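Comments concern the structure below.
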Amino acid sequence: MKRLVLSSFLLFVYGTIVAQTLRFQPSFHQLPLVLDSSYVTADSTTVAVSILRFYVSHVQLLNGEEVVWLESDSYHLVDAADSASLQIVLPSGVKADGLSFLLGSDSLANVSGAMGGDLDPSRGMYWAWNSGYINFKLEGTSPICTSRNNEFQFHLGGYAYPNATVQQVKLELSDASVTVLVDVAQLLETVDLKALSMVMSPGAEAVALSKQAATIFRVKDEE
């Protein structure tokens with residue numbers, strides 16, 4: 001016990017040198033998420049996810065309360081269908097005990113009009129009619145959805161008060177691994193898909209789901 005306490009203390013004081021790659025690993029509970037495959041939620045609802053995309057921005061490494069690295073021009077579109085997008089390069093030799101990022105894009109990106117790179121409107125995450133970005137997109141099907149083709153579609157965006165949906169995610173790092181699990185089951189199990197299968201515009205429902213979406217990230221334990 002003394003050794004464990006001492007190790008935790010030393011990690012808190014000095015951090016650890018983190019890996020050079022931040023990896024996002026979509027999952028459904030403990031299972032890797034395979035798009036268009038069927039899964040069963042805790043309340044025995046069958047669901048299949050066809051699209052999972054979200055923006056990660058303002059990536060930071062922390063040591064205690066200190067920001068030890070801040071990525072500049074930090075906008076990443078993470079797409080479960082694109083394995084290359086699941087990785088973000090981190091600097092080498094940085095000691096840290098925490099990771100912070102925004103789930104979504106900030107208001108500056110939203111008021112700057114259509115942009116390039118991962119913010120290019122062709123990536124399917126831009127509302128031309130509303131001049132803003134979708135921060136988090138989750139689509140799929142479930143037999144309990146009463147919508148057309150039993151589809152659910154959650155396009156969570158909005159940057160202006162009171163409907164701002166961008167969320168900060170802060171995670172503790174206990175070792176060099178920076179693999180972050182993205183457990184969509186945790187989000188779907190908070191939604192009554194019989195009553196709510198579509199959120200396609202800014203508003204109170206988008207804000208509530210965005211707050212929940214920010215809780216589905218956790219650092220994977222090193223094996």
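The values are calculated or read from the model by the stated rules, or taken from the named source; none is laboratory data. Note that this is a predicted model, so its numbers are computed, not measured. Here the Cβ positions follow ideal geometry from the backbone for every residue, glycine too, while neighbour counts run over all protein chains shown. To get the accessible areas, we keep the full protein, side chains included, count just its heavy atoms, and leave off ligands, DNA and RNA. Shrake-Rupley method; radii C 1.70, N 1.55, O 1.52, S 1.80 Å.
Near the amide H of residue 90, within less than 5 Å, lie the amide hydrogens of 21, 22, all on another chain or at least 5 residues away, with H placed in the peptide plane.
The calculated 222 nm mean residue ellipticity attributable to helices in the chain amounts to -4000 deg cm²/dmol, summing -39500 (n - 2.57) over DSSP H runs of n ≥ 4 and dividing by all residues. Taking 7 Å steps out from each Cα toward its Cβ at residue 29 and residue 196 produces label points 2.3 nm apart. When peptides 54-60, 36-42 are sorted by average Cβ neighbour count within 10 Å, with the highest value leading, the order is 54-60, 36-42.
Taking Cα atoms only, the orientation of helix 2-14 departs from the longest principal axis of the chain by about 80 degrees.
Using heavy-atom solvent-accessible surface (probe 1.4 Å) with all chains present, what is the largest-first order of 129, 69?
Ranking 129, 69 by accessible area, largest first, yields 129, 69.
Measure off, as a whole percent, the carbon and sulfur share of the 1.4 Å-probe accessible area of region 29-150, all protein chains present. Show your work: numbers first, answer last.
Values: 2850 of 5700 Å².
Here carbon and sulfur together make up 50 percent of the probe-accessible area.
A simple spin-label model places the labels of residue 82 and residue 21 1.7 nm from each other, with each point 7 Å out along Cα-to-Cβ. For residue 133, the amide hydrogen comes within under 5 Å of the amide hydrogens of 127, 158, counting only partners 5 or more places away or on other chains and with H modelled in the peptide plane.
Heavy atoms of the protein chains alone define the surface here; on that basis region 92-191 has 42 Å² accessible area per residue at 1.4 Å probe size. Taking 203, 158, 132 as the candidate residues, the one with maximal mean-square fluctuation in a Gaussian network model of the chain, Cα springs under 10 Å, is 203. Taking 84, 19, 48 as the candidate residues, the one with maximal mean-square fluctuation in a Gaussian network model of the chain, Cα springs under 10 Å, is 84.
Dipole magnitude of region 52-125 about its Cα centre, charges +1 at Lys/Arg Cβ and -1 at Asp/Glu Cβ only, in debye to the nearest 20? Before the final figure, lay out each step's value.
Numbers: 3 positive and 10 negative charges, 28 e Å.
Taking the Cα centre of region 52-125 as origin, the dipole is about 140 debye.
Rounded to the nearest 20, the size of the Cβ-charge dipole of region 102-207 about its Cα centre is 300 debye, with Lys and Arg at +1 and Asp and Glu at -1. 3J(HN,Hα) along region 43-49, derived from phi through the Karplus expression 6.51 cos²θ - 1.76 cosθ + 1.60 where θ = phi - 60°, amounts to 9, 6, 8, 7, 9, 9, 9 Hz, with x in place of Gly and Pro.
Once you order the gyration tensor axes a ≥ b ≥ c over the Cα atoms, which shape class does the chain get: rounded for a/c under 1.5, otherwise prolate or oblate by comparing a/b with b/c? Working shown, then result.
Values: a/c = 2.07, a/b = 1.39, b/c = 1.49.
Judged from the Cα gyration tensor, the chain comes out oblate (a/c at least 1.5, b/c at or above a/b).
Sorting 148, 123 by accessible area puts them as 148, 123; the probe is 1.4 Å, largest comes first, and only protein heavy atoms count.
Each principal axis of the Cα cloud of region 134-223 was evaluated for its coordinate range; sorted largest first, these ranges are 45, 34, 17 Å.
Centre-to-centre, using Cα atoms only, region 56-79 and region 143-161 are separated by 29 Å.
Distance from the C-alpha centroid of region 35-53 to that of region 186-219: 14 Å, rounded to the whole angstrom.
Between residue 111 and residue 189, the simple label model (points 7 Å from Cα in the Cβ direction) yields a spacing of 4.0 nm.
Note on the chain: with charges restricted to the Cβ of Lys and Arg (+1) and Asp and Glu (-1), its dipole about the Cα centre is near 180 debye.
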